[in-house]
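Here is the structure we will look at, set down as structure tokens.
Where a number appears in this text, it was derived from the coordinates with a stated rule and is not lab data. Remember, predicted model here, so these are calculated numbers, not experimental data. Quick reminder, even Gly has a Cβ in these numbers, built from the backbone with ideal geometry, and neighbours come from all protein chains shown.
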Amino acid sequence: MIISLNGLDEPHLVRLAARLAPALRDGGTLYLRGDLGAGKTTFARALLQALGVDARIKSPTYSLIESYRVGGLDIHHLDLYRIADPGELEWLGLAELSDGLSLVLVEWPERGAGSLPSADLQLRLDHADAGRDLAARALSLRGEAMLAAWDPARPG
Amino acid sequence: MNQPIAKAGHGPVLGVETSCDETGVAVFDPARGLLAHTLYSQIRMHADYGGVVPELASRDHVRKLMPLVRETLARAGLGVADLGGVAYTAGPGLVGALLVGATAARALAWSLGLPAIGVHHMEGHLLAPLLEADPPEPPFVALLVSGGHSMLIEVAGIGRYTLLGDTLDDAAGEAFDKTAKLMGLPYPGGPALARLAEQGRPGVFRFARPMTDRPGLDFSFSGLKTQVLLAWQHSDRAEQTRADVARAFEEAIVETLAIKCRRALAQTGARRLVIAGGVGANRRLRAELAEAGAREGFSVHFPRLEFCTDNGAMIALAGALRLAVGQHETPEIRVRPRWDLASLPPVA
């Protein structure tokens, strides 16, 4: 299943991210694709806040990974922008991240191709003339369930 | 860290930094000061690779570390038998990267019968100005601004730190690098953006000073990036315009940092300000803070740039201070990818 939405403004994007949170409370892997400034980190931050993270949600661009624990759920927010070679992911301890119980959000997943847990759900954000375009695609049965529960095209 | 052991506090301390991108090694002697410090990226080690140096990925600390330890000891004119202790970055950082340094350093100390100490990476940065000839005495306020951090920390004494403010999203250096990229400069382009700003005209563009209109010492630089992108996209995109936008962006960042520094000094009553981290090299930031200090009667301390960015010297120094009062690790190898700076034991 693929759902596309066009011309989202930032408040709408933030509302959509918050509405996705309940579908991710049992973990899974979410890829966030899109250019610099397309809204990936904005989306991730809104999602993490809706999941109950109340610490500062720092950009993981430099640290590569920021981890949180809320309500028994381990959440790992990765940003692979600075990764030149997927072999470098060894330093992140990724094996521990892909246990299926944690929630793993990955920005710039293409830079970790072959070394990352596979995605359940993939989101693509693009700059548009007015706001941002969002395309959501389920890549596993679990992802289909997430996308159906989220239903980003539903008004509200 | 329990009982002092016989050799603690005597002799030169080897420091090892591997928490993120840089592999850094140094030797600090409590009696003689810094004897040598090297970063992998700064030196060539042909002999160690049979004449050809492969293009090593950053963060490949495994292959870099031991040649760097040998090189650093040679530069210091020491052998391992001359060492009095070993310090390594135990956190915070990437678990795999930290483990390389911790394992090598802990094993070296164990094999030599020396005390070892795990150092908090941020404490290293905070104490880096003590490597300089005219070190600031605590209490002071430190602004740590780099690609990964934008923090204000109160240093009441060695080992006595309070986080006053932090970024809620992007770090200041990250904002520089990403904004540069959005304006068509190669990544990471922070320094190039700052050079471009020198040619910019003041007042052509103006961006908000994020979070200065409310109390508190936290920073937020993510929204500034979007403001700049919009201004740039809706401009004529001429070369002079690019410089003008860069100028306005740099002014917004620098003024925001300066406002928060002055606020932190007022809040703590400290009269000394230390600037650490790569953004500390920014000329406009240095000028603005030096001027504010002269006007308002506080001193500003900038460690030299090589000690602003990640390095082994600050780890050797911080480790030496802790070893000198008898703190050290037990033999197991432990790292702390997440580690609260405020939880450290005081030294003095």
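Data overview
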read-out: Derived scalar couplings ³J(HN,Hα) [region B:134-143; Karplus, 6.51 cos²θ - 1.76 cosθ + 1.60; whole Hz; x for Gly, Pro]; value: 10, x, x, 7, x, x, 8, 9, 10, 9
read-out: Three-way shape call for region B:221-348 based on the alpha-carbon gyration tensor, with the a/c threshold at 1.5; value: prolate
read-out: For B:Thr167, residues with placed amide H under 5 Å, excluding near neighbours; value: B:Ser150, B:Phe219
read-out: Distance between modelled label sites at B:Met66 and B:Arg195, nm, 7 Å Cα→Cβ extension; value: 3.9 nm
read-out: B:Arg304 versus B:Glu137: modelled label distance in nm, points set 7 Å from Cα along the beta carbon direction; value: 2.5 nm
read-out: Qualifying GluC sites (Glu not before Pro) for region B:291-348 [loop in DSSP, other Cβ within 10 Å: at most 16]; value: B:Glu332
read-out: Among beta bridges that DSSP assigns inside the protein assembly as shown, antiparallel share in %, nearest 5; value: 55 percent
read-out: Loop sites in region B:91-161: GluC sites (Glu not before Pro), DSSP, at most 15 other Cβ within 10 Å; value: B:Glu132
read-out: In Hz, Karplus ³J(HN,Hα) per residue of region B:208-221 (6.51, -1.76, 1.60; θ = phi - 60°; x = Gly, Pro); value: 5, 9, x, 6, 8, 8, 9, x, x, 10, 7, 10, 8, 10
read-out: Hz values of 3J(HN,Hα) by residue in region B:309-319 - Karplus curve (6.51, -1.76, 1.60), Gly and Pro given as x; value: 7, 4, 7, x, 4, 5, 6, 4, 5, 4, x
read-out: Residue pairs, from the table B:Lys64/B:Lys181; A:Lys58/B:Lys225; A:Lys40/B:Lys260, whose Cα atoms sit over 22 Å apart; value: B:Lys64/B:Lys181; A:Lys40/B:Lys260
read-out: For a label point 7 Å along the Cα-to-beta-carbon line of B:Thr103, residues of region A:74-95 with backbone N under 11 Å; value: none
read-out: DSSP bridge orientation in chain A - percent antiparallel, rounded to nearest 5; value: 55 percent
read-out: FRET E, pair B:Thr226, B:Thr330, Förster distance 56 Å, beta-carbon r, rounded to 0.05; value: 0.70
read-out: Net lengthening on full extension, A:Arg69/A:Ala95 (0.36 nm per residue, minus Cα-Cα); value: 7.6 nm
read-out: Once exposed loop trypsin sites (Lys or Arg not before Pro) are cut out (DSSP; at most 12 other Cβ, 10 Å), longest piece of chain B; value: B:45-205
read-out: Surrounding net charge for A:Val14, when Lys and Arg each add one and Asp and Glu each subtract one, Cβ distance under 14 Å; value: +2
